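The values are calculated or read from the model by the stated rules, or taken from the named source; none is laboratory data. What you are looking at is a predicted structure, and each value in this text was computed from that prediction instead of being measured. A quick note on method: Cβ atoms are made from the backbone with ideal geometry, for glycine too, and the neighbour counts reach across all protein chains shown.
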Amino acid sequence: MEAALGLVDMATLAELKGVTRSWRALAQRVLCSRLCHRDGQPVPTRLDEITDLDVEQLIEAGRPGDAAVAGRMLPGLARLYGYGYVVDVAAVRAANLECGMGDRDRPSLLHGAAKDALNSCISGEGEPPLRLTIAAVACAGSGVICGIPVQQLREDSVTELNLSNRGLQVPAAMLVAYLIPATSVLKNCNLLKNRFDVELAKKLAKMGMEKGIMLSGMTCDQTAATFSGQSLEPADAILIASDLKFMVVVTTLYLQVNGIGDEGAIAIAEALKVNAVLTTLSLFNGLSKNEIGPKGAKAIAEALKVNAVLTSVDLGFNSIGDDGAKAIAEALKVNAVLTELRLYSNKIGDDSAKAIAEALKVNAVLTKLLLGHNNIGDAGEKAVRDVVKGRSGFQLYL
């Protein structure tokens, strides 16, 4: 059986550790043989016997965070191997890496003296790859690095952490992602208003969901969340959406005058499918950048088809266009709770207005509709006015 498991991929072996005690022991032996065995040395049988770790295999298997866990759990760990390089763990522990965060023009975690200090701990030809240097810091870095309490996170002694608006670039955010798997007590880690991309935000959001960590500074027990005019970008909205899935009492979310774009709107829409308490959502833009377009509007529309509590949605000053507006019109045909919809200044034309009018023939719940500052002509305007004519209390703004 052990020989057969030698052919199994890393992710499967990691899952087998959680099946039974016997499977755990067997999978651990195979993993240890694969990751911790150097030629000419016996395979370690106890944690305190492990001196070498192949982090390349961990990284390529999508488990880079195990490097941080190893830094805490393996007292005799001396070397990390990967990508043709060898990292001296003791040297990294002793190195002063507390200053020198990289910037947009330097695709590295550190620069200056801090980068030189880290590189002096790594042997091999040329510049070591970013993923290896981050794994080295996560595994053995001491103190605070790039504003991140690396050592405390690795030792699992941090319950709350505010890293909002610290100018963290992608490498620094990757470091956080490498450290999160080592934590069990961290419950709130605010990462908003930094400088990392959508893909990394999605990875962080996935980790947050798995570990139960809030990533936007919100708390599970708050009833209203206001992020108005904070220049938030798509990555920020992805983190906020992740937190919405935990929140059981929040009824209002204001994200107006931000630029969350389609990616941010899609993330919020996914959260709306599972959040059963939010009643008011404001996503109007007003910045003329990172506007929500047809893709984002279609995602919101799909959420409206299944969400049973949202009563007010504001998408004003975006660019959902005719395709986005038609998708929302289709959602209105089946949505039975939305009472207020704001679609002003969204590049909507006559065809979209007519589609909305058709939806209103079967939707008797909506009582307030804002369609002003669009490209709706006389025909579209007439179609909407005719269908709501005679509805007591209906507020229509064209």
#### Entry: Residue check for R93: under 28 Å from the mean Cα position of the chain (by Cα), at pLDDT 95 or above, assigned to a helix (DSSP H, G or I) and of a type outside the set (A, V, I, L, M, F, W, C)
no
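Do you know which residues across the stretch 148-167 are of a type outside the set (V, I, T) and either buried (at least 24 other Cβ atoms within 10 Å of the Cβ) or touching a residue at least 60 places away in the same chain (Cβ under 8 Å) (or both)?
The answer is L153, R154, E155, D156, G167.
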## Note on the structure
Taking first residues from the stretch 244-255 that are at pLDDT below 95 and second residues anywhere that are surrounded by 16 or more Cβ atoms within 10 Å (Cβ to Cβ), the pairs with Cβ under 6 Å that are 6 or more apart or on different chains are K245/A271
### Query
Regarding L341, is this residue outside any helix (DSSP H, G or I) and over 30 Å from the mean Cα position of the chain (by Cα)?
no
### Query
For the stretch 349-357, does any single residue satisfy the condition of being over 31 Å from the mean Cα position of the chain (by Cα) and not in a helix (DSSP H, G or I)?
yes
### Message
Which count do you get for residues in the stretch 178-199 that are surrounded by 20 or more Cβ atoms within 10 Å (Cβ to Cβ) and assigned to a helix (DSSP H, G or I)?
### Response
4
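In the stretch 270-313, how many are of a type in the set (S, T, Y) and over 23 Å from K347 (Cβ atoms)?
Counting residues in the stretch 270-313 that are of a type in the set (S, T, Y) and over 23 Å from K347 (Cβ atoms) gives 3.
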### Task
Determine if the stretch 53-65 includes at least one residue that is over 33 Å from the mean Cα position of the chain (by Cα) and either modelled with pLDDT of 85 or more or of a type in the set (S, T, N, Q) (or both).
no
#### Entry: Qualifying residues in the stretch 260-289 (those that are crowded, with 21+ Cβ neighbours inside 10 Å and in contact with a Lys or Arg (Cβ under 6 Å, 6 or more places away or on another chain)) - the one nearest to T226 (Cα to Cα)
A271
### Task
Count, please, the residues in the stretch 135-147 that happen to be hydrophobic (A, V, I, L, M, F, W, C), farther than 10 Å from L80 by Cβ and crowded, with 24+ Cβ neighbours inside 10 Å.
4
### Message
All but one of (1) in contact with a Cys (Cβ under 7 Å, 6 or more places away or on another chain); (2) modelled with pLDDT of 95 or more hold for V43; state the number of the condition that does not hold.
### Response
(2)
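Of the residues that sit in the stretch 290-329 and are touching a Pro at 6+ places or on another chain (Cβ under 7 Å) and at pLDDT 95 or above, which one is surrounded by the fewest Cβ atoms within 10 Å (Cβ to Cβ)?
Out of the qualifying residues, it is D323.
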### Query
Could we say that S216 is crowded, with 23+ Cβ neighbours inside 10 Å, at pLDDT 95 or above and over 20 Å from V313 (Cα atoms) here?
yes
### Residue, surrounded by the fewest Cβ atoms within 10 Å (Cβ to Cβ), within the stretch 219-252, restricted to residues that are among the acidic types (D, E) and outside any helix (DSSP H, G or I)
D221
